[in-house]
Amino acid sequence: MRRLRNRLRRLRSVGVAAVVPPLLVCSVYDPGSGRYLNPSARPAIVHQPSIGGGPAGGVQGSASAATPKSYGDCGPGARPEPGLQGQVPKWAQDSGHSKAGYRCNLELVGQSDIRARGANFQLGWYRDCAYVGSVGGREYQSPDELDGIAVIDVADPRKPTLARFVRSPAGFSQHEGIEVNQRRGMLVTLTQGLSAQYVELYDVSKDCRHPEFKGRFDAGGPLYHGLRIAPDGMTVYASDYTGGAFGQTLHVLDVSDMSNPRLLEAWSPLEETPATHYAIHDLELNADGTRAYLGGVDASATQGAVLAGPPSHTGPSMVTLDTSEIQRRVPNPDLKVLSSISLPNFGHTEQRARIGGRPFVFSSGEAPVTGARNCPWAWGSAIDMSDERRPRAVSEIKLEVNEQENCERTGPDQAVYSIHYSGVDDPDRTTKLFYTYYTGGLRVFDVRDPEHPREIAYYHPPPPQRTVHYPSSSGFGGDSHAPGWDSATSDVRYIRDKRELWFVSVAGGFHVLRLTTPQPKGSARLLRQRRASALRRRSVGARVSCSLACAMTVELRLGGRVRGRTTVTFAVAGARSLRIPLSASARRVLRRAPRARLRLLATIREPDSGELAQRFRGRATRLAR
C-alpha cells in the first residue's frame, strides 16, 4: 500500500491523474422519455480527465489548448483563413470574402458537383470509383431524378465524372451509411433516412461504375444510423442511434452470401451486468475484426446537442467490445465489454490507427447545430489502446474555434465548428489524420507524435451559388441556410503515392485534393572511379543528398537491368558518399564491355509514412579505364 501511495504521489507531481475503475450502479431507463426513472441510480462513469487539466468531461470544453499549427508558407495558391483556426467569420460571409473558400497546403485537383444536387453527405470508394449518398433529411422531401447513390468515375482525378445514380425501391437517402469492403468489392448502404430500415448490398468488383444489387436486409422498422464492415467482408455491424427503440442497439449481420444477409446477433448495453444505457452512433473495427470500438451517446448528449446547447454528456464516449466469437462464428456468440472511456465529447466517430507500433483510436464527438449556444462544439481525442482494458487519452485534436475563451468571437458566425467524420493515411502505419469539420472544412494533422499532434493543412470548399436540394438543416450549410460556407461531412480517402484526398461537401459534391506540404528532394551521382578498382572492390561509389529527412533507395542500372541496389536513411537534411554493390552479372558485363554506360535510379520516400516523394534518373556515365 505504501508503494502504491508513493507511486500516485509521483504521478500527481508531474500532472498525471490516476485512473480509477468505474463503479457502475444498476438503473432503469425509459427510452420513450429519454430519462432515468431512478436518477440516483444512474450509472456512474468515471471521466477521463481533460488533457492538460481542467474540468473532466466538462460540457464547457476542456482546458487543453488548440492543436498547434505547422503550415509553413501554406504552399502555392494558398488563401489563408481570415480569423481563428477553423473560423469563417461573419464579416467574411456577409461581404462575400468566404465565397472563394480558404486553403493551406492543399490544392483542388478535380471536382464533380453532381449536377448541383446538394444535400450530399457520405462517401464510399472502390478502385477509381466514388459513391456519394444523400443526407437523411431527403427521405422526408419529394424525390426526384437526382436522388440515390451518385456513382463518380475518378479514372481521371482532374475530371471526376458522374456515371449514374443508383436508386433503391426501399428509399432514396443513405445519410451516413455508405461503405465498401475493398477485399470483396462489396458496397453496403443503409437505406431510408436518418434511422434506416434496410441494409442493402451491391457487388462492385466486376465494374465499379455499375453496382449490381445483390441483397437486402429488412430490420422491420426504422433503426439503423451507422455501419461498419469487418475487414474480411463477411460481417456487417449496423448501429442504432435512437437508443434502442426495438430493444437493441447493435445488429450483427452475416453477409458471406450477399444475396441472403441474415441476422447473427442483436446486442444492447442493457445486457451487460450491471446494465448501462447508451446509443451507438457509429463504430470502428480492428484489423482482424475481433474488437469493435463503439461511439457511445447517452440521452443527455443527444438532447443537449440538438435542443439546448453543448451536450451535457455523462456516459461512455468509447466502448471496447470483444467481437471475437462473432468473427469465429461461435453459436450464440457472447459480446463482452472490455473497457470504456468518457471524454469531453460523446462518441460520434471512431478511427483506428497504429503509430510507432502502438494501437490507437481517434475518437471524436459531434454538435451539428449552428449558433453560440453550441460553442465550443466538438473535437477529437487520441486514445492509446496499448492496454485495451485501460484506454488512455493522450491528446486532444481541436481548433481555436473549439476553445471556450473564443466563444464570443465565434458565436455570431452562425456556423458549426464541429468534427463529423475522419480518415487516416494508413491505419496500419499512420502518420496523418484527416477530419471533416462542417464549417471548418477538411483538416489535416500530423500525428507521428500522437501526444503532440500538429495541424499541417486545411481546405474550406467554396460554397456554390445554389443547389437543387437543401439538407433541411442550418448545420449543413452551403445553401440558403448558410450561403457563406459549405459543409465538409464525409469520410476521407487518401491515396498515398499520389498524395490525393477524396471527400464530400454538402453543396459542392465530390472533391479530389492534393497535399502540397514540402517533401524531400534529392540528388544522386556516380563518383569518378576506375573500372579495375570497381571490379576489385565489387562496388561503385556514389554521392547522394536529401533536402529533408528521407529514405532513399539507389539502383544501379546497366544494359537496361538493375545490377545493384542500396538504401540510405537521412535523419536530417544532408549528403553522404556510399558504395553500391555490383552484382556478378554486372561485373561480367563490365569485363566484356568496358565502355558500358552506368545509370542511377533513385527513389525518395518520407521516412515515417513511406510516402513517395521523388523518383529520378541520374546521368549516364562510364567507368574510367
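The values are calculated or read from the model by the stated rules, or taken from the named source; none is laboratory data. Bear in mind the structure is a predicted one, so any value in this text is a computation, not a measurement. So basically every Cβ, Gly included, is an ideal-geometry build from the backbone, and we count neighbours across all protein chains shown. The area values use the complete protein model at the heavy-atom level, side chains included, leaving out ligands, DNA and RNA. Shrake-Rupley method; radii C 1.70, N 1.55, O 1.52, S 1.80 Å.
Looking at segment 548-561, which of its residues are closer than 22 Å to residue 599 by Cβ and in contact (Cβ under 8 Å) with a residue 12 or more places away in the chain?
550, 551, 552, 553, 554, 555, 556, 557, 558, 559, 561
Of the residues 542, 575, which single one is closer than 15 Å to residue 527 by Cα and in contact with a Leu (Cβ under 7 Å, 6 or more places away or on another chain)?
It is 542.
Are any residues in segment 394-405 touching a strand residue (DSSP E or B) at 6+ places or on another chain (Cβ under 6 Å) and either open to solvent by less than 10 Å² (accessible area, probe 1.4 Å) or more than 24 Å from residue 321 (Cα to Cα) (or both), and if so, which ones?
395, 397
When you go through 193, 220, 233 one by one, which is the residue that is on the phi > 0 side of the Ramachandran plot, surrounded by 20 or more Cβ atoms within 10 Å (Cβ to Cβ) and outside any strand (DSSP E or B)?
Exactly one of 193, 220, 233 is on the phi > 0 side of the Ramachandran plot, surrounded by 20 or more Cβ atoms within 10 Å (Cβ to Cβ) and outside any strand (DSSP E or B), namely 193.
Of all residues in segment 149-178, which are of a type outside the set (A, V, I, L, M), crowded, with 22+ Cβ neighbours inside 10 Å and at negative phi?
160, 172, 173, 174, 176, 177
If the Cβ limit is 8 Å and pairs must be 6+ apart or interchain, which residue in segment 123-148 that is on the phi < 0 side of the Ramachandran plot pairs with which residue that is part of a helix (DSSP H, G or I) and buried (at least 24 other Cβ atoms within 10 Å of the Cβ)?
Every condition considered, the pairs that remain are 147/138.
If you take the residues of segment 279-309 that are modelled with pLDDT under 80 and in a loop (DSSP other than H, G, I, E, B), which of them is farthest from residue 427 (Cα to Cα)?
Per the stated criteria, the residue is 308.
Give, as residue ranges, the strands (runs of 3 or more DSSP E) completely inside segment 487-576 that count at least 1 residues that are under 30 Å from residue 456 (Cα atoms) and in contact with a Ser or Thr (Cβ under 9 Å, 6 or more places away or on another chain).
500-505, 509-515, 522-526, 539-546, 550-558, 561-570
Could we say that residue 118 is in a strand (DSSP E or B), open to solvent by less than 10 Å² (accessible area, probe 1.4 Å) and at pLDDT below 95 here?
no
Restricting to segment 176-210, count the residues that are within 12 Å of residue 223 (Cβ to Cβ), touching a strand residue (DSSP E or B) at 6+ places or on another chain (Cβ under 6 Å) and not polar (S, T, N, Q).
5
Consider segment 548-601. How many of its residues are surrounded by 18 or more Cβ atoms within 10 Å (Cβ to Cβ) and within 32 Å of the chain's Cα centre (by Cα)?
Summing the residues that are surrounded by 18 or more Cβ atoms within 10 Å (Cβ to Cβ) and within 32 Å of the chain's Cα centre (by Cα) in segment 548-601 gives 4.
Filter segment 607-624 for residues that are within 18 Å of residue 498 (Cα to Cα), part of a loop (DSSP other than H, G, I, E, B) and either open to solvent by less than 20 Å² (accessible area, probe 1.4 Å) or modelled with pLDDT of 90 or more (or both) and give the result.
609, 610, 611
Which pairs do you get when a residue that is hydroxyl-bearing (Ser, Thr, Tyr), found in segment 342-359, comes within reach of a residue that is assigned to a strand (DSSP E or B) and open to solvent by 10 Å² or more (accessible area, probe 1.4 Å), reach meaning Cβ atoms under 7 angstrom, with the pair 6+ apart or on two chains?
These pairs meet every condition: 342/47.
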